[in-house]
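Read through the structure below, which is laid out as structure tokens, and then see the notes.
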């Protein structure tokens, strides 16, 4: 939705998420072992979720995609920053260098607790059909291999070799793309909107939509 939808649709989705966030609250244990109360709408937590998602997708594209990222990493980060403005985040990274600096700022706060391990166990072994599990488990290893070494150490699930995993992952993703088809209906609808608004011509974006 926040990638391809219209400005009005993004605003509506943001309202839905903001309403949901107001109801999500609880407690967690920080890196010092203290119990901290939180709300999903806390700006610092929203910022962490934003940069963690963004860095994960960016890193996996850089490692496993054979296609160049349009505009490069900085353009990707700058464009994605617009999707979180309706959530109340107005100061977010606008370049890869700023993204890496932000991640480093959060580093002292990161910790692995029993709750963390429970979440990781679920992600590693989700209730998927048996036919999907072999591919999923390999992609789990590929995701683990994309993490910085220090995060792998914290999680404690080993250090998958990128030299072995990368070529297999690239080919596996190609097969998945063939299976699901090359085009996204949502992306096609977004491109049609860009043409109607005069923001795209001959497949090239003329200027960024507001």
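Here, each number is a calculation from the coordinates, and none is a lab measurement. Computed from a predicted structure; not experimentally measured.
Here is how the numbers come out for the structure above:
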{"read-out": "For region 88-112 versus region 38-53, the gap between their alpha-carbon centres in whole angstrom", "value": "10 Å"}
{"read-out": "Candidate values (1) 17.8, 57; (2) 19.2, 62; (3) 19.1, 56, label of the one derived for Rg and Dmax of the Cα atoms in Å", "value": "(3)"}
{"read-out": "Computed over region 1-110, Cα set: Rg, Dmax in Å", "value": "15.4, 45"}
{"read-out": "For the chain, calculated [θ]222 nm from helices alone, where every DSSP H run of n ≥ 4 adds -39500 (n - 2.57)", "value": "-18500 deg cm²/dmol"}
{"read-out": "Max mean-square fluctuation residue, GNM over the chain, Cα-Cα springs under 10 Å, options 87, 103, 133", "value": "133"}
